[in-house]
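The values are calculated or read from the model by the stated rules, or taken from the named source; none is laboratory data. Remember, predicted model here, so these are calculated numbers, not experimental data. Here the Cβ positions follow ideal geometry from the backbone for every residue, glycine too, while neighbour counts run over all protein chains shown. Accessible surface areas use protein heavy atoms only, side chains included; no ligands, DNA or RNA. Shrake-Rupley method; radii C 1.70, N 1.55, O 1.52, S 1.80 Å.
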Amino acid sequence: MSERNNEVLLNVEHLKMYFPITKGLVIQRTVGYVKAVDDISLFIRKGETLGLVGESGCGKSTTGRAILQLYKPTAGHVYFREDGKMVDLTTLKRRELQPMRRRMQIIFQDPYASLNPRMTVGGIVGEPLEVHHIASGKEKLERVKELLDLVGLNPYFINRYPHEFSGGQRQRIGVARALAINPEFIVCDEPISALDVSIQAQIINLLEGLQERLGLTYLFIAHDLAVVRHISDRVAVMYLGKLVETADRDELYEHPLHPYTQALLSAAPIPDPVIEEKRQRIILEGDVPTPINPPKGCNFSTRCPRVMDVCREVEPEMKEVAPGHWVACHLFD
Ligand code: SF4
């Protein structure tokens, strides 16, 4: 676990990412929007890990990409600390964004799909060094070897191709590539979901070790709460484009307040057989509604076991119900 530091590195305010739905072959008209991220605010302190959890399709990967400005947000602000000031990335021109991009990287879910199969490991890991004009030639080669060693791969593998590696090793290559330009902040987008269970812990341990050694800050995206428990300092739970609950890791696991968080937690097996036997699962009825037309009021109202009349009319606001514990639910009005 990372050492706590109170300085905020990243502050996201009212972020929205809507994708237009168009109709018409010649003249395209916008007929609606997919509201993938719908007004979320969060912060991440320097050196900490914020776990972002929710079912697939809830908008968590889009949030990660919009923070990194890989998508241009529809609305909202993304402030990143630069020389003691908070700089709004959403207002920067492409040229101004370039030096900031060096400080932020992403590790993808599927290490195989994200690595160019026709490039050697040396080419893949060294590419960002060339793109950002950091190193070339012999210097680049030395840096790549250093990076392979850092992620637990033999530098001797530098001329091999991605298909010659196992899934876990390929994810290590993805991590080495992300680290090449010395970033401070990394979005880990479901980095272990595509891996065999037996090697998931190895990658988590690697990411934790690197965080400690290099002082990294992570946004760790996952679809199940059990995975983020080990690595996160704080956890944010997302449902249908919105954050529903945010708290320190232990507080969230011991006192989950939002009915959706409670349902997610009840689905996670507990390693202790005595407690596991008593575990009561909350089964959610129905499917996640479409983000094109989310329900009126609370967007969880169509599936919530504790729904009230007010929930179908009024959208609940995020409120701090205990120090650092935020929840958006009318049960806490
Ligand atoms: Fe359930 Fe209402 Fe709370 Fe939404 S606001 S989570 S519907 S109780």
Any chance you could check the Cα centroid distance between the stretch 223-267 and the stretch 310-333 for me, in angstrom? 15 Å
Order these peptides, 134-142, 46-54, 179-187, 91-99, by their mean beta-carbon neighbour count within 10 angstrom, highest first. 46-54, 179-187, 134-142, 91-99
Over the stretch 1-159, what is the relative contact order in percent, taking alpha-carbon pairs closer than 8 angstrom and at least six residues apart? 19 percent
Placed amide H near Ile107: partners under 5 Å, 5+ positions off or other chain: Val187, Cys188, Asp189
HN-Hα J in Hz across the stretch 105-119 - Karplus 6.51, -1.76, 1.60, θ = phi - 60°, x for Gly and Pro: 9, 9, 10, 8, 5, 9, x, 6, 5, 8, 10, 5, x, 8, 9
Modelling each spin label as a point 7 Å along the Cα-to-Cβ direction, I'd like the Ala268/Lys138 distance in nm, to one decimal. 5.1 nm
Tell me the label-point distance for the pair Ser166, Thr290, using the 7 Å Cα-to-Cβ offset, in nm and rounded to one decimal. 4.4 nm
For Lys145, go through the aspartates and glutamates and keep the ones whose alpha-carbon is under 18 Å away, minus same-chain ones fewer than eight residues off. Glu127, Glu130, Glu164
Grab the Cα-Cα distance for Asn11 and Asn205, subtract it from 0.36 nm times how many residues apart they are, and report the gain in nm with one decimal. 67.2 nm
Lys46: which lysines have alpha carbons under 16 Å from its alpha carbon, excluding same-chain residues fewer than 8 sequence positions away? Lys85
With the 1.4 Å probe rolled over protein heavy atoms, the chain has an accessible area per residue in Å² of 51 Å²
Whole-Hz ³J(HN,Hα) for each residue in the stretch 288-302, computed from phi via Karplus 6.51 cos²θ - 1.76 cosθ + 1.60 with θ = phi - 60°, x for glycine and proline: what do you get? 5, x, 6, x, 6, 9, x, x, 5, x, 6, 6, 9, 4, 6
Under a 5 Å amide H to amide H cut-off, with H placed in plane at 1.01 Å, what residues pair with Val34 once short-range neighbours are removed? Phe19, Ile21
Mean separation of Cα contacts under 8 Å (at least 6 apart) over the residue count of the stretch 118-182, i.e. the relative contact order in percent, is 48 percent
Under unit Cβ charges (Lys, Arg +1; Asp, Glu -1), what dipole magnitude, rounded to 20 debye, does the chain have relative to its Cα centre? 1300 debye
Relative contact order computed over the chain (Cα-Cα under 8 Å; 6+ residues apart), in percent: 19 percent
HN-Hα couplings for the stretch 92-103 via Karplus (6.51, -1.76, 1.60; θ = phi - 60°), in whole Hz with x for Gly/Pro, come out as 7, 7, 3, 5, 6, 6, 3, x, 6, 4, 5, 8
How big is the Cα convex hull of the stretch 189-333 in projection, averaged over all directions, in nm²? 10.4 nm²
Between Ser198 and His77, with labels modelled 7 Å along Cα→Cβ, what's the label distance in nm to one decimal, could you check? 5.1 nm
Classify the stretch 118-182 as rounded, prolate or oblate, taking a ≥ b ≥ c as the square roots of the eigenvalues of its Cα gyration tensor: rounded when a/c is under 1.5, otherwise prolate if a/b is larger than b/c and oblate if not. prolate
Chain lengthening between Ile283 and Asp333 when straightened (0.36 nm per residue, less Cα-Cα): 15.5 nm
Could you give the Stokes-Einstein D for the chain in µm² per second, using the C-alpha Kirkwood radius, 25 °C, 0.890 mPa s? 115 µm²/s
Of all the accessible heavy-atom surface of the chain, with the other protein chains kept in place and a 1.4 Å probe, what percent is carbon and sulfur? 50 percent
